[in-house]
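See structure below.
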Amino acid sequence: MLKSNSSHYQDFTNLEQWLYYLENLHSIEIDLGLARIGKVAQRLAIDLSFAKVITVAGTNGKGTTCAFIENALLKAKNHGSQDGVAVYSSPHIERFNERLRINKQDIAEQPLMHAFKKIEAVRAEISLSYYEYTTLAALLVLMDAKPRYIILEVGLGGRLDATNLIDADIAVITTIDLDHQNFLGNDRESIGFEKAGIMRQEQDIVIGDTSVPKSVLAHAHSLQAIHGERLFLREHEFVVKSEKSPSHSQLQWQWQSKQTQLTQLKTPFIPQDNVATALMVLEKLDIALSSEFVNKIISITKVPGRTELIHQANHCDVILDVGHNPQATRYLADHLKRLKEQASYENVYAVVAMLADKDISACLLSLKDDVDYWYAGALDVPRAASKETMQKKLAMFTNATNCFDNVDQAFKMANMQASSSDLILVFGSFFTVAQIRSQLITC
């Protein structure tokens, strides 16, 4: 581990040097808590009171919910298009700069490096994790840029996540399910309590989960959040219904709150549930919502690595998804069924690699009826599940398994075996998708 507050950072000339330094600065990769980062934030006088801040927590759907809100704010008249909309999220897929974007533009290296130097100059004896350090840097950049809206995606949990330094104007919880149990608890009630930690008094609270844990509601009520005044709950303050299209050629749906009714909405590229949650947030931001406007945002909202369909020239299609917990892979299975019906794919080849601390068995079982051939690999990261582990988990329900030393080999072989009428699914981790997506986007 590098010596804390080492002065040689003054010689760093690029972002890669800084990131390597930060990766080796703190002895624990995931180290939840606000005590350390809170002290440094105080020294830096972190303050985002100039902006309308939305903090988004949840097991799944955070990134897509953020993206829909972002696109809508940028397209809404007299809102973010003139004054700026920023999104801070993690992890990234290809470039670190993806973690902070302002008006859809990834942040440049120089503002980040300048922020890192500011942090290094004041943190003194305090050791910060990579995520804490980079979150502080993002907040410093935002203080300089001063966008009108800031959307913060929670990294892990909520209560003890670095983003929870900020008192947001709107707290959003997408879904709550099992993931990161080592840090958040072994059931939905415990995990819900951690997610609910982003809530504040005198703040609007939007919850998109259709089966909300009691712990979440109890925390909201302890803050005197009253339904319809500051607490907006799916199936209570806003509802979603399916409807038939006039031509019966495509699925359509409607969204309704006490103030707004939207009909003939298109099927989104991202999960419909996350669009529904985002719409409630937009209404609380006083965005004028019409079916025409919402359909425009639906048509432009696609997020890399989230059921992302890529067409290979003269070969099979590939779908990329970062899903890495049972709830995410259940959604992925449903999406695959719809996709197979629409495109009539003959076979589905799955390329999968996961982290060892995930519920690998449950994730794979979600897709057992939708995948014909499995190609498992290992990731080159410390927390990766070995190829032997992946093979053992797959052997529980299939013999159609091929295992490889790495994801590149697994994808290469699946791509060789698949025909143009087949589909390759790449999933299991941000690391898995990042490794394969870079090949597909550049080819």
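The values are calculated or read from the model by the stated rules, or taken from the named source; none is laboratory data. Note that this is a predicted model, so its numbers are computed, not measured. Using ideal geometry, Cβ is built from the backbone for each residue, glycine included, and neighbour counts are taken over all protein chains shown. In case anyone asks, the SASA skips ligands and DNA or RNA and just uses the protein heavy atoms, side chains included. Shrake-Rupley method; radii C 1.70, N 1.55, O 1.52, S 1.80 Å.
Of all residues in region 39-50, those that are farther than 12 Å from LEU140 by Cβ have Cβ atoms under 8 Å from Cβ atoms of residues that are open to solvent by less than 80 Å² (accessible area, probe 1.4 Å) and part of a loop (DSSP other than H, G, I, E, B), 6 or more apart or on another chain, in LYS39/ILE126.
Taking the conditions exactly as written (surrounded by fewer than 16 Cβ atoms within 10 Å (Cβ to Cβ) and either over 18 Å from VAL318 (Cα atoms) or touching a Cys at 6+ places or on another chain (Cβ under 7 Å) (or both)), does ASP369 satisfy them or not? Taking the combined requirement at face value, the residue satisfies it.
Yes or no, residue by residue, for (1) open to solvent by 10 Å² or more (accessible area, probe 1.4 Å); (2) closer than 30 Å to TRP253 by Cα:
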site: ILE166; (1), (2): yes, no
site: LEU178; (1), (2): yes, yes
site: GLU189; (1), (2): yes, no
site: ILE198; (1), (2): no, no
site: ILE207; (1), (2): no, yes
site: VAL212; (1), (2): yes, yes
site: HIS221; (1), (2): yes, no
site: GLN224; (1), (2): yes, no
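The residues in region 366-405 that are among the small types (Gly, Ala, Ser) and over 26 Å from LYS340 (Cα atoms) can be counted, and the count is 4. Residues in region 210-260 that are at pLDDT 95 or above and small (Gly, Ala, Ser): SER215, ALA218, ALA220, SER222, SER257.
For region 285-298, filtered to residues that are within 12 Å of ALA72 (Cβ to Cβ) and part of a helix (DSSP H, G or I), the residue that is most open to solvent (accessible area, probe 1.4 Å) is LYS296.
Being farther than 24 Å from SER90 by Cβ, under 25 Å from the mean Cα position of the chain (by Cα) and touching a residue at least 12 places away in the same chain (Cβ under 8 Å) narrows it down to one of LEU339, LEU379, LEU332, so name that one.
That would be LEU339, the only listed residue that is farther than 24 Å from SER90 by Cβ, under 25 Å from the mean Cα position of the chain (by Cα) and touching a residue at least 12 places away in the same chain (Cβ under 8 Å).
The residues of region 193-229 that are in contact with a helix residue (DSSP H, G or I) (Cβ under 6 Å, 6 or more places away or on another chain), closer than 22 Å to VAL275 by Cβ and assigned to a helix (DSSP H, G or I), listed by number, are ILE198, VAL216. Cβ separations smaller than 7 Å between residues 6+ apart or across chains give no pair from region 125-141 residues that are free of Cβ contacts under 8 Å to residues at least 24 places away in the same chain and over 12 Å from ASP47 (Cα atoms) to residues that are open to solvent by 10 Å² or more (accessible area, probe 1.4 Å) and assigned to a helix (DSSP H, G or I).
Specify which of the listed residues (ILE176, ILE170) is in contact (Cβ under 8 Å) with a residue 12 or more places away in the chain and touching a strand residue (DSSP E or B) at 6+ places or on another chain (Cβ under 6 Å). Among ILE176, ILE170, only ILE170 is in contact (Cβ under 8 Å) with a residue 12 or more places away in the chain and touching a strand residue (DSSP E or B) at 6+ places or on another chain (Cβ under 6 Å).
Against the condition on the phi < 0 side of the Ramachandran plot and touching a residue at least 60 places away in the same chain (Cβ under 8 Å), how does ILE102 come out, does it pass?
Working: on the phi < 0 side of the Ramachandran plot: yes; touching a residue at least 60 places away in the same chain (Cβ under 8 Å): no.
Here the answer is no, as ILE102 does not meet what is asked.
Does any residue of region 307-330 turn out to be in a loop (DSSP other than H, G, I, E, B) and over 30 Å from GLN439 (Cβ atoms)?
As a first pass, look at region 307-330 and keep what is in a loop (DSSP other than H, G, I, E, B): 307, 312-316, 322-325.
Of the ones still in play, those that are also over 30 Å from GLN439 (Cβ atoms) are none.
Scanning region 307-330 turns up no residue that is in a loop (DSSP other than H, G, I, E, B) and over 30 Å from GLN439 (Cβ atoms).
Taking (1) open to solvent by 10 Å² or more (accessible area, probe 1.4 Å); (2) under 30 Å from LYS358 (Cα atoms); (3) under 21 Å from the mean Cα position of the chain (by Cα) in turn, ILE319 satisfies each apart from (1). Does any residue of region 151-158 turn out to be out of contact with any Asp or Glu (no Cβ under 7 Å at 6 or more places or on another chain) and either open to solvent by 30 Å² or more (accessible area, probe 1.4 Å) or in a loop (DSSP other than H, G, I, E, B) (or both)? Within region 151-158, one or more residues are out of contact with any Asp or Glu (no Cβ under 7 Å at 6 or more places or on another chain) and either open to solvent by 30 Å² or more (accessible area, probe 1.4 Å) or in a loop (DSSP other than H, G, I, E, B) (or both).
Scanning region 382-436 for residues being aliphatic (A, V, I, L, M), assigned to a strand (DSSP E or B) and more than 21 Å from GLU308 (Cα to Cα) gives a total of 1.
Within region 11-36, if we keep just the residues that are within 29 Å of ARG159 (Cβ to Cβ) and free of Cβ contacts under 8 Å to residues at least 24 places away in the same chain, the residue that is surrounded by the most Cβ atoms within 10 Å (Cβ to Cβ) turns out to be TYR21.
Yes/no per residue for (1) surrounded by 15 or more Cβ atoms within 10 Å (Cβ to Cβ); (2) not small (Gly, Ala, Ser):
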| residue | (1), (2) |
| --- | --- |
| THR64 | yes, yes |
| LYS77 | no, yes |
| ALA86 | yes, no |
| ARG95 | no, yes |
| GLU98 | yes, yes |
| LYS104 | no, yes |
| MET113 | yes, yes |
| ILE119 | yes, yes |
| GLU125 | no, yes |
